[in-house]
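In what follows, a single structure is set out as structure tokens and then discussed.
The values are calculated or read from the model by the stated rules, or taken from the named source; none is laboratory data. This structure is a prediction, so every number in the text was calculated from the model and none was measured. Backbone-built Cβ (ideal geometry, glycine too); neighbour counts: all protein chains shown.
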Amino acid sequence: MTATTPPQLTPEQLDAFGRELDAIRERVVADLGERDADYIRRIIKTQRGLEIGGRLLLELGFLPPAWLAGTAALSVAKILDNMEIGHNVMHGQYDWMNDPAVNGQAFEWDTACPAEQWRHSHNYVHHTHTNILGKDRDIGYGILRMSEDQRWHPYYLGNPVYAVLLALLFQWGVALHDLEVERLHSGKESWGDKREMLQAIWRKGRRQALKDYVLFPLLAGPGAPFTFAGNLTANAVRNVWAFTIIFCGHFPEGTHEFTEEETEGETRGEWYFRQLLGSANLTGGPLFHIMSGNLSHQIEHHLFPDLPGHRYAELAVEVREICARYGLPYNSGPLRRQFGSVVKKIVKLSLPGRGGGERAPEPTAVASEPAPAAPPARELVAA
Amino acid sequence: MPQRVARRLLDSALADALTTPHGVDRYVELVRPAFSLNEVRAEVVAARRPTARSVTLTLRPNANWDGFRAGQFVRMSVEIDGVRHTRCYSPASSAHAGDLLELTAHAQPDGVVSPFLRASARPGTVVSLSQAEGDFALPDERPEQLLLISGGSGITPVMSMLRTLCHEGHRGPIAFLHYARDEHDVAYARQLAELAAGHANVRLLRGYTRSVGAGELHGRFGGEHLRAARIEPARALTFTCGPTALVDAVRTTWAQDGLDARLYVEQFAPPAPAGMDTADGNVAGTLRFARSGVEAAGTAALLLDQAEAAGLTPRSGCRMGICHTCTCRKLDGAVRDVRTGEVSTAPDELIQICVNAPVGDVTLDI
């Protein structure tokens, strides 16, 4: 574990803690109904409206006010599509509705990453193994050093640069995330093993790029460059925003990481405990929560990943109270503070230090043949 | 004409590429909920309530509807308190009734969908439909003589047959036997009487179990009723639809005479009770994996484990109800969520097989 030592609970306390959270979940599941259905449909309707409006305005992108309004509308539409709709629907939060339009396994989102791969890397790998070094690939995305327990290497001097690039190109970072490129470098898997995945990424990415960078610009005729620029900007705005929110979920000061040994055979209560300690919330108003896909309630999301996100704000009151009773920390703060601490961590961890090498477990991957323009040989503990 | 042009445009590869990844439907449906390029959806254009328990809906299906053969059924999905429920209904209208479709739902006291429709269905409601299914249907080559026997809400498919045949000007003799509680409980009482009065070849016989002396038939179905129908079963095709007791009685009579091949049967079982008793651990049943055609004896173990034990490799992830990788469609049967103990009996719903165990027979779409 990093930073401060987490509080200790007895097995009995952990069980009781788990039962209290189970009870919340059960109560909400029994209460799911029209209110939740109306909510997600209203969001979907807003998103589609903004998307259509934004795209129409961008067809007139040669007029500066139309370009600005269109780009803003399309940016918001993409953010809603990916976060409050896509991410949450794909968690199965609305599966109980039995409506194919919000079916978690069928939903596809407006981003380069094929939904099928996301469901595996996010819903299963990240949510089951949250913050377990060596298992949760969201720790640094296989690119960044986000934990002191990742052994330092000169490659990580570029940590801040990689972070900026990842933020700008986040949709492609997410798309390539499940490829586990570091395993290719280490020779554990070959490109041949990844063929199907690459094909899926290529198919999805091509359709996304065709729509945003060819078809809609062409429809604008001579205004094509403006439409192109608007779409590019909207994608970038979505990328940076999603990166910001997501990096505030598990990396702010005070979140804990765990080792595989610590979490072996963990009970339901221990699993909840790890989810709580590994996550951090963002404070803000209702609109901020919607725009963050309610990932601003990262703690509640990790405790109850398949409950509708718009319920998290209500549940947070109870979760906070329970945490207080058990003497557990509840990491929450405004965006600027939480993101500030993430930026600090990215910069700080670009340099060796704070026990970096010593405390790291055995490296799991050693790159043998660094390709040009690829990261140099490095050790990736969080692979 | 402009509508056809609009549809052609919406169905184009360009429209598909522009609306990727959601597709055209997801945008158009926001303003025209009954529109879809592929799915059958329908708008309720009229809702009548012919009896105290029933509601008759007139539906206008969208352009994807392929029509039906008289006697077939459709799966209709309606949303109740945010949850989409799917049930089978047999259209009661003539197969030649143009682009309209008529369904009648009979409210079951402990049902979910039928009482909702009885209370709340109104013009403007949009429902989803499947294409018509089922072999309980008039053959394309119409038989000369027909015997139609229905009980209670089983009237709808044979009503469709009778209407279709009358519509076609069928000349051969048709006997229609219908059983109900009393004369006020027949959803198509007036229409039946009119058809019988207007067509000399149609013989209508009604039997009421709780209204002695009111109908032409007395008591339960038997040889006497068959004689009153004046149809020779060996020369006719017989279609019967209704509760188990009626269908069994007809089936037995036809089997005794070796006429099974001339009998078409559609039977409806009452829905499974909502709160099944699982306390006694009586969960033995058959697990059916519909897509792979595998069957296994069910135990109290988790469905995922049992599917794997049966040699299948369903998708799975966390095995603790978190990631929804294993979510699959339960086509039929009751399952118990081991986390909450709650039993769910709804047909056609999504379940997580890593945290659900079967209660009796269960069919999964795996």
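The set of residues from the range B:99-123 being within 14 Å of chain A (Cβ to nearest Cβ) and in a helix (DSSP H, G or I) comprises B:V113, B:F116, B:S120.
Of the residues A:A220, A:A234, which is surrounded by fewer than 22 Cβ atoms within 10 Å (Cβ to Cβ) and not β-branched (V, I, T)?
Values: A:A234 fails: surrounded by fewer than 22 Cβ atoms within 10 Å (Cβ to Cβ).
None of the other options fit; the residue is A:A220.
Restrict the check to the range B:79-93 and report whether at least one residue is farther than 28 Å from A:A77 by Cα, modelled with pLDDT of 95 or more and of a type in the set (V, I, T). Yes; the residues of the range B:79-93 include at least one that is farther than 28 Å from A:A77 by Cα, modelled with pLDDT of 95 or more and of a type in the set (V, I, T). The sole residue among A:G173, A:G192, A:G158, A:G205 that is away from chain B (no Cβ under 14 Å), under 19 Å from the mean Cα position of the chain (by Cα) and either in a helix (DSSP H, G or I) or polar (S, T, N, Q) (or both) is A:G173. In the list B:A193, B:A245, B:A229, B:A234, which residue meets the criterion of being more than 26 Å from the chain's Cα centre (by Cα), surrounded by fewer than 17 Cβ atoms within 10 Å (Cβ to Cβ) and small (G, A, S)? Result of the check over B:A193, B:A245, B:A229, B:A234: B:A234. Of the residues making up the range B:299-357, those that are surrounded by fewer than 21 Cβ atoms within 10 Å (Cβ to Cβ), of a type in the set (S, T, N, Q) and away from chain A (no Cβ under 11 Å) are B:T299, B:T313, B:T345.
Considering each of A:D149, A:D110 in turn, give the residue that is over 14 Å from the mean Cα position of the chain (by Cα), in contact (Cβ under 8 Å) with a residue 40 or more places away in the chain, assigned to a loop (DSSP other than H, G, I, E, B) and within 9 Å of another protein chain (Cβ to nearest Cβ). Walk me through how you get there before you give the answer.
Numbers: A:D149 fails: within 9 Å of another protein chain (Cβ to nearest Cβ).
Checking each option against the conditions leaves just A:D110.
Scanning the range A:46-95 for residues that are of a type in the set (F, W, Y) and crowded, with 22+ Cβ neighbours inside 10 Å yields a single hit, A:Y94.
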